[in-house]
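Quick notes on the structure that follows.
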Amino acid sequence: MSLAKRIIPCLDVDNGRVVKGVQFVDIRDAGDPVEIARRYDEEGADEITFLDITASSDNRDTMVHVVEEMASEVFIPLTVGGGIREVADIRRMLNAGADKVAINTAAVFRPEFVREASTKVGSQCIVVAIDAKQVEDGENPKWEIFTHGGRKPTGIDAVEWAQLMQEYGAGEILLTSMDRDGTKIGFDLALTRAICDAVEIPVIASGGVGNLEHLAEGVLQGGADAVLAASIFHFGEYTVGQAKQYMAGQGIEVRL
Amino acid sequence: MSTIAVIDYGMGNLRSVYKALEHVTDKRVIVSQDAAEIRAAERVVFPGQGAIGDAMHHINGLGLGGILNEVFEDRPFLGICLGLQALVDHSEEDGGTGCFGLIPGTVKRFASPLIEVDTGERLKVPHMGWNQVSHRHDHPLWQGIEDNSRFYFVHSYYVAVSRPEDSAGVTHYGVDFTAAAAHENVFAVQFHPEKSQHDGLQLLQNFVNWDGKP
């Protein structure tokens, strides 16, 4: 008996609609985040993450309504990321029914924000999202934090950053390899392992999942506490249930 | 009309608890920090997330200590997360915090590093995710829930009760800890039933229908 490793489907939401195509034959409206979240919940998802990629603040109100609707129907943890810049943004999402918020760019620009946020709402609500790219390979590989979708280097070492964010009160880390994101060739396992070993808080591995083996590798080789994926679930290639069965077959503890 | 009062003392997100209760019952659900409203309720839910020191500070600041002591005694009462931790004598958190002392026991922090003795694995803190709860005895709130079902946890501190008979459910994470405590009309859980899908909703439904007898 032990804690299960989590599988977390992730949805990109723009102005209240899911983007990056979700295709299920039996879903009425493949753009409705609540309907898709309900589907993943039925399949056994352990949590759901919404990334709000909306640019304008008007559209953020739409996201709040999406979160409210989801929280009335789906009773598993919900994380919301994207555009979280102030404690007020966090409170709004939590009051709407989110359980955690993911802070990304705002933490890089002002690390103290993470401390303020965790003090105000509790570490358990604060996920720090880290977008990292490898900058040195060889025996001592190094990864650096990038912002703006992986375009802007910051000079910050990813491992040191993860440790600092833990110290500032992050309750969890959502780690995305910008080298692997969208490639479907698997997680950056060395990066995942380096971050997992460096912190005491849970780490969610993200970026690069193309098949079920990749999910299992993230846990077994990367040491991740949870694995996040988008496209392999969206296009109906695999269900969350199949992913869990596969991982259980690899000796990983999952919630079935 | 019978009312379920969710006590709001400014610690954490009560919407999920409120929504989950609404989902399982036609009874009126209110979120309240008003002693008269809470006193009038048929049953009480005491949730909360965050630090216990802050929680006790808020409870006392809002003058809710008296009404809590009252409803502990006389009606179905469900504590969730901090709502369990606040019921024991004392917490290690925040340099030592006195709690309500309804159930003898202490709140302790998971060791750092936390090591699973059998495997040597280093465990992450907070304890976050779905873990199994092993029933220690039958209870009306376990009705329809299989032994060792998984519930969603997120916490860095855990409860150790002094009297084994107060423990209704135990979870293992580096150590065995009290995941559910039961004492007469009081049932309190470390996990989040409002976030634990079917089994969580079942537990809430059991609570809503509970007569308060063990």
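The values are calculated or read from the model by the stated rules, or taken from the named source; none is laboratory data. Just so it is clear, the model here is predicted, and its values are computed rather than measured. Glycine also receives a Cβ, built like all others from the backbone with ideal geometry; neighbour counts cover every protein chain displayed. Protein only, heavy atoms only, side chains kept; ligands, DNA and RNA dropped before computing areas. Shrake-Rupley method; radii C 1.70, N 1.55, O 1.52, S 1.80 Å.
Below, the figures for the structure above:
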quantity: Residues of segment B:165-185 satisfying the condition of being of a type outside the set (Val, Ile, Thr) and more than 28 Å from B:GLU70 (Cβ to Cβ); calculated: B:HIS172, B:TYR173, B:GLY174, B:ASP176, B:PHE177
quantity: Scope segment B:37-65; condition modelled with pLDDT under 95 and surrounded by fewer than 15 Cβ atoms within 10 Å (Cβ to Cβ); matching residues; calculated: B:ASN60, B:GLY61, B:GLY63, B:GLY65
quantity: Boolean, B:VAL175 is modelled with pLDDT of 95 or more, under 13 Å from the mean Cα position of the chain (by Cα) and more than 8 Å from every other protein chain (Cβ to nearest Cβ); calculated: no
quantity: Residue match in segment A:66-74 (condition: open to solvent by less than 10 Å² (accessible area, probe 1.4 Å), away from chain B (no Cβ under 14 Å) and among the β-branched types (Val, Ile, Thr)); calculated: no
quantity: Pair list, Cβ under 8 Å, 6 or more apart: segment A:165-193 residue more than 14 Å from chain B (Cβ to nearest Cβ) and open to solvent by 60 Å² or more (accessible area, probe 1.4 Å), other residue of a type in the set (Lys, Arg) and not in a helix (DSSP H, G or I); calculated: A:ASP179/A:LYS133
quantity: Looking only at segment A:19-38, and only at residues there that are modelled with pLDDT under 90 and among the aliphatic types (A, V, I, L, M), the one that is most open to solvent (accessible area, probe 1.4 Å); calculated: A:VAL25
quantity: Selected residue (criterion: surrounded by the most Cβ atoms within 10 Å (Cβ to Cβ)) from residues of segment B:105-155 that are within 8 Å of another protein chain (Cβ to nearest Cβ) and of a type in the set (S, T, N, Q); calculated: B:ASN131
quantity: Of all residues making up segment B:106-153, the number that are hydrophobic (A, V, I, L, M, F, W, C) and in contact with a Lys or Arg (Cβ under 9 Å, 6 or more places away or on another chain); calculated: 7
quantity: Whichever residue in segment A:75-125 is β-branched (Val, Ile, Thr) and facing chain B (nearest Cβ under 10 Å) and, among such residues, is farthest from B:TYR152 (Cα to Cα); calculated: A:THR119
quantity: Qualifying residues in segment B:80-99 (those that are assigned to a loop (DSSP other than H, G, I, E, B) and at positive phi) - the one nearest to the chain's Cα centre (by Cα); calculated: B:CYS81
quantity: Per-region count, segment A:114-161, residues in a helix (DSSP H, G or I) and in contact (Cβ under 8 Å) with a residue 12 or more places away in the chain; calculated: 14
quantity: Matching residues in segment B:156-166 - criterion: being within 14 Å of chain A (Cβ to nearest Cβ) and over 12 Å from the mean Cα position of the chain (by Cα); calculated: B:SER156, B:TYR157
quantity: Index of the failed condition, A:THR147 passing every other in (1) polar (S, T, N, Q); (2) open to solvent by 60 Å² or more (accessible area, probe 1.4 Å); (3) at pLDDT below 95; calculated: (2)
quantity: Residue match in segment B:94-103 (condition: modelled with pLDDT of 90 or more and touching a strand residue (DSSP E or B) at 6+ places or on another chain (Cβ under 7 Å)); calculated: yes
quantity: Residue that is nearest to the other protein chains (Cβ to nearest Cβ), among those in segment B:1-32 that are part of a loop (DSSP other than H, G, I, E, B) and buried (at least 18 other Cβ atoms within 10 Å of the Cβ); calculated: B:ASN13
quantity: Set A:GLU200, A:GLU213: member being away from every other protein chain (no Cβ under 14 Å) and acidic (Asp, Glu); calculated: A:GLU213
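Condition check ((1) open to solvent by less than 20 Å² (accessible area, probe 1.4 Å); (2) touching a residue at least 12 places away in the same chain (Cβ under 8 Å)) across all residues:
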{"site": "A:LEU228", "(1), (2)": "yes, yes"}
{"site": "A:GLN242", "(1), (2)": "no, yes"}
{"site": "A:GLN245", "(1), (2)": "no, no"}
{"site": "A:ILE252", "(1), (2)": "yes, yes"}
{"site": "A:ARG255", "(1), (2)": "no, yes"}
